[in-house]
Amino acid sequence: MGEASRIAQVPSHTLRYWEKEVGLLRPARRTSGHRRYGRADLETIFFIKDLIGRRKLTLEGARKA
């Protein structure tokens, strides 16, 4: 999760919130419980970030898009 948050320049608590609220992010979990974000997850993070940041959509609007 730390590496994904650094790459996307989004705090880790925001990623956890997007997982819960948007429902598009489904990172794989290791046996220790750590999240493992793949390439598709990172693309989804950048898409959500674009919808919320640049297009000024709300979280509900991003969920619908």
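Summed over qualifying helices (DSSP H, 4 residues or more, each -39500 (n - 2.57)) and divided by its residue number, the chain shows a 222 nm mean residue ellipticity of -17000 deg cm²/dmol. Solvent-accessible surface (1.4 Å probe) assigned to residue 16 amounts to roughly 100 Å². Helix 39-53 and the long axis of the chain differ in direction by around 30°, with both axes built from C-alpha atoms. Within the set of other residues whose C-beta is less than 11 Å from the C-beta of residue 27, count the net charge using Lys and Arg as +1 and Asp and Glu as -1. Residues near residue 27 contribute +4 overall.
Relative to the longest principal axis of the chain, what angle (0 to 90°, nearest 10) does the C-alpha long axis of helix 12-21 take? Tilt relative to the chain: about 70 degrees. Magnitude of the charge dipole for the chain, about its Cα centre and with charges confined to Cβ atoms of Lys, Arg (+1) and Asp, Glu (-1), is about 60 debye.
The values are calculated or read from the model by the stated rules, or taken from the named source; none is laboratory data. The structure presented is a predicted model; accordingly, all values stated were derived computationally and were not measured. Here the Cβ is made from the backbone with ideal geometry for all residues, glycine too, and neighbour counts use every protein chain on show. To get the accessible areas, we keep the full protein, side chains included, count just its heavy atoms, and leave off ligands, DNA and RNA. Shrake-Rupley method; radii C 1.70, N 1.55, O 1.52, S 1.80 Å.
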